[in-house]
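The values are calculated or read from the model by the stated rules, or taken from the named source; none is laboratory data. These numbers were taken from a predicted model, which means no experiment stands behind them. Positions of Cβ are generated from backbone atoms using ideal geometry, with glycine treated the same way; all protein chains shown enter the neighbour counts.
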Amino acid sequence: MLQCVPEAFTASEHISLLLLCQGNHDSIGIHALGRQMTTTETQPISLTSRADGSQLSARNWTKLLQRLAIWVGFLVLLYIVRDFFFTAFMTFLICYYTLLVVGIGMRRLSPDRERTWLRRLLTIGVFFFVPVLLLGIGVLISPHFAAQGRRLSGWIRYASPETEAARLLEDFVGPVLFNSEFGNQDTPAYQEAFAEYRAKGELHALEYYRFPSLEAWVEGSIFVPIADEERERIRSWLISEGASSQAFAEWFIREKAPELADQAQLEVPKTGRPAKSVSSLVRAAVTSSPAQLLDMLRRDPPELEILRNQWIEDTLTNKFDEAKASPAFVEQLRKAYDDQRQISPQTIAYSFDEYTKLSKARHLGRKAFADALDQLKPPPVSEEPAAKERRLRSDFESATKHDLFQKWWSTNSVAQFIRHKLQAMVDPGVASRRIESILGALLNVPVSLATALTLSIFICIDFVNLKNSMPRLRGTWLRDVYDEVAPALVDMGNLIGRFMQLQGFIALLSAILTSIGLAFIGVEHVFLLGLATFILCLVPTLGSVLAIILIVGMALFQYGGGFRLAVQAGMVASFVSLVDSFVLSPRILGRRMELHPVTLITVLPLAQYFFGIWGLILATPVAVYVVNVIILERGLPGTSEKPTNPRKEREQPSDALGVLE
């Protein structure tokens, strides 16, 4: 190498030149430096005058600032387009797994060379057979999810948050208030109150106070879905009949024509012109018959559409009232009730006929309900006096605890604070805004998925050309950006793809184990909870915590649930979470994602704040890349690749789409 240095330099200049060439990272050859130094005759460059390396340090700082500016600009751009994360992320996942399957097929069918026509044929096959497979799986499992979804939505419509909260608190507050006021059976206050209760002769207090929760659960989760199906059937029939049907004509002549005549008498003067706001149909009702009004209406499409909708709503109400009284509808309710009772016999203690009679009697008061329950389930004739006395004391204590709690619930400041918070949660304005935001997000999902699927099809079919054309960016003004960002995106894509694949498998195992455990202890809606567990567990650590909270809440508020069932459900979910954290994740993710849970928990809130749910999902692979590749410079986890010279690697041409193979 010393032979290529011009002889005009001294020995010290030779050494300085070689040191500078070894530290140069901008691809400037030693011959170029030699030519630059020999052509500067008037002001010769003295390399020894900067023996402390300040020129090299300045160059490094310039390069560092340039890299920093590139990444800051990239992150700012990423933050600006964060609303398109769903589309971009789904496009990446579809492309990643499609090209993964296509790559396997290409290695088996054409291992020696690339055949574009074969790759495109395999790509089209994947895009055709995978949706068919998913559709088949959906046909098998969707009825269970749909049925539980209808039951859960119906129960939510009937259940009151304030009532459910009061039911849970009563089990704790009621006994405390009872003991503080009446003590035990030996105290005079207890004996006096018990004697008054015995004189009233009201029994079955506990059943009476628990029955409204059973009604809300049965009506909401069993009867409401059947009623909704019947309404939709009637509505579909009315829409198919339309305004040209005989049913509409009969309704108009019987119901609407007399209303128009009465309205005409009030709004159409006997002399002079009526007001402009009076419709032409009302004006004609003064002199026209109902049949003539109907003919006029059918020539007025806007007015016909208004009356058609009114006819549908009126007829729907009448037809549904008729259907509810029909034996076929009652039998359908009975079958659904009996089926649910077979699934959870510990929850429903009454038969369908018993439930119907008790529901009617409850609205007549506690005494009527107790008499009806005695008729349906009379006490044994040979019941011992001691057993009868214990049952009477149990009814007295239940009724008294309930009355004391109701008084506390209506007057205590803590109870008023709880009720205020619950009312704020179910405020119509707040609820409507939340529903609108949820519906808006749900409506955007099909559009985003369709866009992602379309982009994925074009990318995967023309993948080879895109792969070969991407390195051409190095010949443009984006060379520095490409060399800096492209290798990182390739590594990140590999990490994200592997992470989603492994985390999805772990989430599936967690969902299956959780569903089996919840079904065993009697928690309702296990299919929906299993699906929610799968989705939440795609987010490491935090997803498991959210799944436990959701499961405990469902066990706490479902009918027949409470703190005992919530504790059992929490233990099941926590056990599955521990299996996930100490068995599944270390064995499956431990070799691929070397990241301490404390680091992950620290990163997740920041990712969620800036990028929402997608920040939570992508926080793990991003943190793994930053810690292992950028900070520790030890390569991607789970691979044997170690970056010996990162700066030199960044100067090599990068294949930005190679991640997808």
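Picking from residues in region 217-241 that are among the small types (Gly, Ala, Ser) and loosely packed, with under 13 Cβ neighbours inside 10 Å, the one that is nearest to Leu152 (Cα to Cα) is Ser236. Of the residues Ala511, Ala488, Ala507, only one is of a type outside the set (Lys, Arg), farther than 26 Å from Gly220 by Cβ and under 16 Å from the mean Cα position of the chain (by Cα); which? That would be Ala507, the only listed residue that is of a type outside the set (Lys, Arg), farther than 26 Å from Gly220 by Cβ and under 16 Å from the mean Cα position of the chain (by Cα). Beta carbons closer than 8 Å, at least 6 apart along the sequence or on distinct chains, pair a first residue in region 319-337 that is touching a residue at least 12 places away in the same chain (Cβ under 8 Å) with a second that is not in a helix (DSSP H, G or I) for Tyr337/Ile348. Residues in region 148-167 that are modelled with pLDDT of 75 or more and of a type in the set (Phe, Trp, Tyr): Trp155 alone. Yes or no: region 340-352 includes at least one residue that is out of contact with any Lys or Arg (no Cβ under 6 Å at 6 or more places or on another chain), at pLDDT 85 or above, aromatic (Phe, Trp, Tyr) and not in a helix (DSSP H, G or I). Yes, region 340-352 contains at least one residue that is out of contact with any Lys or Arg (no Cβ under 6 Å at 6 or more places or on another chain), at pLDDT 85 or above, aromatic (Phe, Trp, Tyr) and not in a helix (DSSP H, G or I). Would you check if Leu203 is touching a residue at least 12 places away in the same chain (Cβ under 8 Å), outside any helix (DSSP H, G or I) and among the aliphatic types (A, V, I, L, M)? Yes, satisfied.
In region 308-339, which residues are aliphatic (A, V, I, L, M), part of a helix (DSSP H, G or I) and over 24 Å from Ala555 (Cβ atoms)?
Ile312, Leu316, Ala323, Ala328, Val330, Leu333
Here region 540-568 is the region considered, the condition is being buried (at least 21 other Cβ atoms within 10 Å of the Cβ), modelled with pLDDT under 90 and touching a Ser or Thr at 6+ places or on another chain (Cβ under 6 Å), and the residue that is farthest from Val622 (Cα to Cα) is Tyr559.
Taking region 353-377 as the range and being of a type in the set (A, V, I, L, M, F, W, C) and either surrounded by fewer than 18 Cβ atoms within 10 Å (Cβ to Cβ) or assigned by TED's automatic domain parsing to the domain that holds Gln558 (or both) as the test, the residues that pass are Leu364, Ala368, Leu376.
The residues on offer are Ala291, Ala264, Ala257, Ala249, and the sole one that is in a helix (DSSP H, G or I), of a type in the set (Gly, Ala, Ser) and at pLDDT below 85 is Ala264. Does region 186-241 hold any residues that are β-branched (Val, Ile, Thr) and over 30 Å from Glu524 (Cβ atoms), and which are they? Selection gives Thr187, Ile239. For the residues Ser510, Ser574, Ser515, the requirement of being surrounded by fewer than 17 Cβ atoms within 10 Å (Cβ to Cβ), part of a helix (DSSP H, G or I) and of a type outside the set (Val, Ile, Thr) singles out Ser574. Taken over region 149-174, residues that are out of contact with any Ser or Thr (no Cβ under 9 Å at 6 or more places or on another chain), buried (at least 19 other Cβ atoms within 10 Å of the Cβ) and under 22 Å from Val526 (Cβ atoms) amount to 0. One residue alone among Arg119, Arg113, Arg108 is surrounded by 11 or more Cβ atoms within 10 Å (Cβ to Cβ) and not hydrophobic (A, V, I, L, M, F, W, C), and that residue is Arg119.
Among the residues of region 369-420 satisfying the criterion of being more than 26 Å from Gly183 (Cβ to Cβ) and not in a helix (DSSP H, G or I), which is nearest to the chain's Cα centre (by Cα)?
Selected residue: Lys377.
Applying a threshold of 8 Å to beta carbon distances and a minimum spacing of six or more residues, or different chains, the list of pairs starting in region 486-499 at a residue that is under 18 Å from Met470 (Cβ atoms) and ending at one that is of a type in the set (Gly, Ala, Ser) and in a helix (DSSP H, G or I) reads Val490/Gly658.
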